[in-house]
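Student: Got a structure for you, written out below as C-alpha cells; questions coming shortly.
The values are calculated or read from the model by the stated rules, or taken from the named source; none is laboratory data. Everything numeric in this text was worked out from a predicted model, so none of it was measured. Because the Cβ atoms are built from the backbone with ideal geometry, glycine has one as well, and the counts that use them run over all protein chains shown.
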Amino acid sequence: MPLAPVLARAVRRLTEAGVASPRFDAEELAAFVLGVPRSRLLLAAGFDGTGAARFDELVAERARRVPLQHLTGVAGFRHLDLAVGPGVFVPRPETELLAGWAIERARETTAPVVVDLCSGSGAIALAVANECPAATVYGVEREELALAWARRNAETRRSAGDRPVTLVHGDAGAPDVLAELDGTVDVVVTNPPYVPDGSTVSPEVADHDPAAALWGGPDGLDVVRRLLVRAAALLRPGGVLGIEHADAQGESLPALVRRHPAFEDVTDERDLAGRPRYTTARRRKLAAGETDLRNES
Ligand SMILES: C[S@@+](CC[C@H](N)C(=O)[O-])C[C@H]1O[C@@H](n2cnc3c(N)ncnc32)[C@H](O)[C@@H]1O
C-alpha cells in the first residue's frame, strides 16, 4: 500500500482533531510502524495489510489526543532516547536548553557533583551523565510511577556505558533528602511543576501528564519556593542553580530568587524564539561574620 495517500489521510484526520503538528506526528507514527527513522520514510516501500491496520489504530489514538511519545514509547531528549508512558511527564524540547546549561556549568569543574530535583523520566540527570562523564549525578523524584521510568532509563544508559546516576525516592524539598551532600553540590538543576493552578492546558497534558508534574499552586511557584531553600542548602558557595519556568514567570521567578538571601547573580535566560525559559543564580559565599543562609527562605 503506497505511503503518500495513507499519510495524507492521517494528516487530515490529525488536523481535524486539533493536533498541533499533524504531519510530523503522522510521519513519526508511520516510521514507528515501519521500523525506520522518520528521515528514511520516503525510501520505505509502504505498509502491508497488518502495518496499515496498526498505523490506523495509532492515528486514531493520536486523534484522541494520546501523546505521540506514549504511542511510540520513546521521547528524544538531547542525545538520548528515553522510555516514557503513563505515569511520567514527557520530557519537552524546551528543557533541553536548561539541561545544556547544566552540562556547560558542570564541565567547568573537574569532578562536578550535579543534583536534578524533580527528575521525572530522569531526562536532565541522564543527559548530564551522558554529556559530562566526569560528573557524579543524583536525581530526586517523589512519585513512584515516575521513578520507575527513571530507573528503567538509568539502567538503559548504564548498560550503554554512561556513568550510573543515583536516583533517590523522596520529596525534593525535604531537608533530609540528600542531606549528606549539603554544602558540596556544584550544580542544582530543576524542571519542577510550575503551571499555575486553573490554567488551561492541552488534552495531551491534562489527560496524560501526571498532575504532580504540572500544578504549582496559585502562581505556579509553590514548589519552587521550597526547592530554593533546599538548593541553598545543597549548593557549595559559588555553586549554581538553574530552574525552568513558564513563559509568564520570566519576571516573577527571578524576583523570587533575588529575594532569597543565599543567591546572587540572578539571570533569566530566553530560548531561540525569545521566550523567557529558565532562571539561573549563584550560591553566595558567606562573608566573615555572616550566619549560615541555607535555611532562610
Ligand atoms: C515537570 S516534571 C519534570 C520531569 C523532568 N525533570 C523533565 O524535565 O522532564 C516535574 C516532576 O517533579 C515531580 N515532583 C513534583 N513534586 C515533587 C517533589 N516535591 N519532590 C520530588 N519530585 C516532585 C513530579 O512527579 C514530576 O516527575
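Student: Pairs under 7 Å by beta carbon, first residue closer than 20 Å to Arg151 by Cβ in segment 103-118, partner of a type in the set (Lys, Arg) and surrounded by fewer than 22 Cβ atoms within 10 Å (Cβ to Cβ), six or more apart or different chains?
Tutor: Once the first residue is closer than 20 Å to Arg151 by Cβ and sits in segment 103-118, no partner that is of a type in the set (Lys, Arg) and surrounded by fewer than 22 Cβ atoms within 10 Å (Cβ to Cβ) comes close enough.
Student: Go through (1) in a loop (DSSP other than H, G, I, E, B); (2) among the small types (Gly, Ala, Ser); (3) under 30 Å from Asp207 (Cα atoms) one by one and return the number of the condition Gly139 breaks.
Tutor: All conditions pass for Gly139, except number (1).
Student: While we're on this one: Spot the failing condition for Ser119; the list is (1) crowded, with 24+ Cβ neighbours inside 10 Å; (2) in a helix (DSSP H, G or I), and only one is missed.
Tutor: Unmet for Ser119, out of (1) crowded, with 24+ Cβ neighbours inside 10 Å; (2) in a helix (DSSP H, G or I): (2).
Student: Taking the stated definitions as given, is Val33 crowded, with 17+ Cβ neighbours inside 10 Å, part of a helix (DSSP H, G or I) and either hydrophobic (A, V, I, L, M, F, W, C) or in contact with a helix residue (DSSP H, G or I) (Cβ under 7 Å, 6 or more places away or on another chain) (or both)?
Tutor: The answer is yes for Val33.
Student: Kindly evaluate Pro91 against the criterion of being at pLDDT 95 or above, under 22 Å from Ala231 (Cβ atoms) and assigned to a loop (DSSP other than H, G, I, E, B).
Tutor: yes
Student: Something else about it: When you go through Ala125, Ala129 one by one, which is the residue that is surrounded by 19 or more Cβ atoms within 10 Å (Cβ to Cβ) and in contact with a Lys or Arg (Cβ under 7 Å, 6 or more places away or on another chain)?
Tutor: After applying the criteria, what remains is Ala129.
Student: Only one of these is more than 9 Å from the ligand (Cβ to nearest atom), within 17 Å of Val90 (Cβ to Cβ) and either without any contact (Cβ under 8 Å) to a residue 60 or more places away in the chain or part of a helix (DSSP H, G or I) (or both): Ala146, Ala127. Name it.
Tutor: Step by step, each of Ala146, Ala127 is checked, and only Ala127 is more than 9 Å from the ligand (Cβ to nearest atom), within 17 Å of Val90 (Cβ to Cβ) and either without any contact (Cβ under 8 Å) to a residue 60 or more places away in the chain or part of a helix (DSSP H, G or I) (or both).
Student: List the residue pairs whose Cβ atoms are under 6 Å apart, where the first residue sits in segment 23-40 and is under 13 Å from Ala52 (Cα atoms), the second is small (Gly, Ala, Ser) and surrounded by 21 or more Cβ atoms within 10 Å (Cβ to Cβ), and the two are 6 or more positions apart or on different chains.
Tutor: Matching pairs, first to second residue: Ala26/Ala10.
Student: Let me spell it out: the conditions are (1) farther than 25 Å from Ala106 by Cβ; (2) within 16 Å of the ligand (Cβ to nearest atom); (3) among the hydrophobic types (A, V, I, L, M, F, W, C), and Ala287 meets all of them except one. Which number is the exception?
Tutor: Of the numbered conditions (1) farther than 25 Å from Ala106 by Cβ; (2) within 16 Å of the ligand (Cβ to nearest atom); (3) among the hydrophobic types (A, V, I, L, M, F, W, C), the odd one out for Ala287 is (2).
Student: Determine which member of the set His260, His245 is buried (at least 20 other Cβ atoms within 10 Å of the Cβ), more than 30 Å from Leu71 (Cβ to Cβ), touching a helix residue (DSSP H, G or I) at 6+ places or on another chain (Cβ under 7 Å) and not aliphatic (A, V, I, L, M).
Tutor: The unique qualifying residue is His260.
Student: Report those strands (runs of 3 or more DSSP E) wholly inside segment 231-293 carrying at least 2 residues which are at pLDDT 95 or above and farther than 22 Å from Thr95 by Cα.
Tutor: 235-244, 263-270
Student: Please pick out the residue among Arg158, Arg152 that is in a helix (DSSP H, G or I) and either closer than 21 Å to Thr280 by Cα or within 15 Å of the ligand (Cβ to nearest atom) (or both).
Tutor: Arg152
Student: Out of the residues in segment 191-220 that are surrounded by 16 or more Cβ atoms within 10 Å (Cβ to Cβ) and farther than 21 Å from Ala146 by Cβ, state the one that is nearest to the ligand (Cβ to nearest atom).
Tutor: Restricting to residues being surrounded by 16 or more Cβ atoms within 10 Å (Cβ to Cβ) and farther than 21 Å from Ala146 by Cβ, the top hit is Pro196.
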